[in-house]
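Notes follow the structure.
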Amino acid sequence: MSANSRVPESASTRAETESFQARSLSASLTVKDLERSLAWYHEVVGFTVDRKHERDGRLRAVSLRAGDVRILINQDDGAKGLDRVKGEGFSLQITTDQNVDEIAKRIKELGGKLEMEPADMSWGARIFRLKDPDGFKLTISSGHAA
């Protein structure tokens, strides 16, 4: 919306009194190799398998969870090209009350590669960054400085 655009008065007033109040966010990611991504999210990062989704006897998707965070990974069907770039332009930030240094250490011990080692941020959180096998970026963050 440009600076000269106007929101109708009724919509503006309604937005002030009825602001959007979300309670959780789940992500659905299309991956090139479902088994490889499942192994990474489950065995390396530590998500638990909530449910496996099959169609015509083939594994097509897996619902994963870590606390209140849920991620659905879906097998790419190739309809838009199997070599298309995935994971560009955004990252998922996951906040935890656990020690991010210990999580990062465990991920590295299990073969994961960090894009950024744990560091304190100016806003008080401690974070580290990593990428999944398809290039989807994750930031693991404490809620506050350690």
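Every number here is computed from the coordinates shown, using simple stated rules; none is lab data. What you are looking at is a predicted structure, and each value in this text was computed from that prediction instead of being measured. We place every Cβ from the backbone using ideal geometry, glycine too, and count neighbours over all the protein chains shown.
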Assuming R0 = 41 Å, can you tell me the calculated FRET efficiency for the pair Arg106 and Val85, based on Cβ-Cβ distance, to the nearest 0.05?
-> 0.90
Gain on full stretching of the segment that runs from Lys113 to Ser19 - 0.36 nm per residue minus C-alpha separation | 29.9 nm
What label, among (1) 30, 24, 16; (2) 26, 21, 14; (3) 21, 18, 15, belongs to semi-axes √(5λ) of the Cα gyration tensor in Å computed from the structure on display?
-> (1)
GNM of the chain, Cα pairs under 10 angstrom: of Gly67, Gly89, Gly124, the biggest fluctuation goes to Gly89
Karplus couplings for the range 32-40 from phi (6.51 cos²θ - 1.76 cosθ + 1.60, θ = phi - 60°), rounded to Hz, Gly and Pro as x?
-> 6, 10, 4, 5, 5, 5, 4, 4, 5
Once you mark the trypsin sites (Lys or Arg not before Pro) that are in a DSSP loop and have at most 13 other Cβ atoms within 10 Å, what is the longest gap between them in the chain?
-> 24-79
Which whole-Hz couplings ³J(HN,Hα) result when phi for each residue of the range 123-129 is put into the Karplus expression 6.51 cos²θ - 1.76 cosθ + 1.60, θ = phi - 60°, listed in order with x for Gly and Pro?
-> 8, x, 8, 10, 9, 9, 10
What longest range of the chain stays clear of loop-exposed chymotrypsin sites (Phe, Trp or Tyr not before Pro) (DSSP non-H/G/I/E/B, at most 15 other C-beta within 10 angstrom)?
-> 21-89
Contact order relative to length for the chain, counting C-alpha pairs under 8 Å separated by 6 or more residues, stands in percent at 21 percent
Expressed in nm to one decimal, what extension gain is obtained for the pair Lys32 and Asn74 from 0.36 nm per residue of sequence separation less their Cα-Cα distance?
-> 14.3 nm
Quote the FRET efficiency, to the nearest 0.05, computed for Thr96 versus Leu59 with a Förster distance R0 of 30 Å and r equal to the Cβ-Cβ distance.
-> 0.60
Specify the longest stretch of the chain that does not include any exposed loop site, a site being one of the GluC sites (Glu not before Pro) with a non-H, G, I, E, B DSSP assignment and at most 11 other Cβ atoms within 10 Å.
-> 19-87
Listed by chain and number, the lysines with an alpha carbon less than 19 angstrom from that of Lys80, same-chain partners under 8 positions apart left out, are Lys32
